[in-house]
Amino acid sequence: MSRGMESVTRHISFLIVILAIVQFVAIFSLPYDKSIFYIFPMIFAIISLPLSFLGAILLRLRKSPGIFVCSISLGSLGLCFVIEGILLILTGPSIIVGALYAMLGITSFRRIASLNNTTYVSWFEGKNSINPINLENEEVIAACPHCSSVLAVIPSLLTKNDICPECNGKLVP
C-alpha cells in the first residue's frame, strides 16, 4: 500500500509544480492588458506560484501542513484556470483554449479529494491504523476513471454498461 500512496504523492506534487509553471507562462501569454478582469487571476497566480512549490515540497517530505498547503494550492490554481478560461471564452480570442483552461481548472479541483481521502491522510500522517477493507472473493479495489471514487469491483464481471454509483460515469470505456 505504501508504494501506491507514494505514487499518489509524486503524481500530485508533480502536477502542482507543472500547473504552477503553466499558470506562470499563461500570465505572460494571455491578453492581460486588454481587460481589467485579468488582473485578479494574474495577481492570484503570482501569489499561488511560491505556494505551489512550497506545497509540493512539503507533500514530498510528508510534513504535517503538506496536505493543507497542497489543497489550497490546487484550489487557487484551479480557480485561476477556470476564471481565465471563462474570460477567454467571453472575450473571444479562442473559445477552444478557454474551454481547455476551464477543464484544467476543474481537474485541479478534483485532485483535492484525493489529498483529503481518509486512507491517504492516515498514511501521510504515518498512522498504522488504516482500516482494512473486507473484500469478497475475486473483488479488487479500483478507482473510477471519471471521479476517482474508490470502488470494490470484480473485474471479470465488469461490462460496458456498469456505471459509477457516485458520478454515473461508465466504469469500462
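The values are calculated or read from the model by the stated rules, or taken from the named source; none is laboratory data. Worth saying up front: this structure is predicted, and the values here are computed from it rather than measured. We place every Cβ from the backbone using ideal geometry, glycine too, and count neighbours over all the protein chains shown.
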Notebook entry, point to check: What is the number of the single condition among (1) more than 16 Å from the chain's Cα centre (by Cα); (2) modelled with pLDDT of 90 or more that Phe53 does not meet?
Noted result: (1)
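Yes/no per residue for (1) closer than 19 Å to Arg10 by Cβ; (2) surrounded by 15 or more Cβ atoms within 10 Å (Cβ to Cβ); (3) touching a strand residue (DSSP E or B) at 6+ places or on another chain (Cβ under 8 Å); (4) at pLDDT 85 or above:
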| position | (1), (2), (3), (4) |
| --- | --- |
| Gly66 | yes, yes, no, yes |
| Ser76 | no, yes, no, yes |
| Gly85 | no, yes, no, yes |
| Ile95 | no, no, no, yes |
| Arg110 | yes, no, no, yes |
| Ser114 | yes, yes, no, no |
| Ser122 | yes, yes, no, no |
| Ile133 | no, no, yes, no |
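Just to be sure before I move on: is Ser156 outside the structural domain of His11 (by TED's automatic domain parsing), assigned to a helix (DSSP H, G or I) and modelled with pLDDT under 85 in the structure I sent?
Details: outside the structural domain of His11 (by TED's automatic domain parsing): yes; assigned to a helix (DSSP H, G or I): yes; modelled with pLDDT under 85: yes.
Considered against the rule, which asks whether it is outside the structural domain of His11 (by TED's automatic domain parsing), assigned to a helix (DSSP H, G or I) and modelled with pLDDT under 85, Ser156 comes out as yes.
Report yes if Tyr120 is in contact with an Asp or Glu (Cβ under 6 Å, 6 or more places away or on another chain), in the same structural domain as Ala26 (by TED's automatic domain parsing) and not acidic (Asp, Glu), otherwise no. Give the steps one after another, and end with the answer.
Details: in contact with an Asp or Glu (Cβ under 6 Å, 6 or more places away or on another chain): no; in the same structural domain as Ala26 (by TED's automatic domain parsing): yes; not acidic (Asp, Glu): yes.
Answer is no for this residue.
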Next item on the list: Taking only region 9-20 into account, find how many residues are surrounded by fewer than 15 Cβ atoms within 10 Å (Cβ to Cβ) and modelled with pLDDT under 90.
Entry: 2
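Matching residues to (1) modelled with pLDDT under 90; (2) touching a Cys at 6+ places or on another chain (Cβ under 6 Å); (3) within 19 Å of Val97 (Cβ to Cβ); (4) surrounded by fewer than 16 Cβ atoms within 10 Å (Cβ to Cβ):
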site: Ser7; (1), (2), (3), (4): yes, no, no, yes
site: Val25; (1), (2), (3), (4): yes, no, yes, yes
site: Asp33; (1), (2), (3), (4): yes, no, yes, yes
site: Ala45; (1), (2), (3), (4): yes, yes, yes, no
site: Arg62; (1), (2), (3), (4): yes, no, no, yes
site: Ser71; (1), (2), (3), (4): no, no, no, no
site: Leu79; (1), (2), (3), (4): yes, no, yes, no
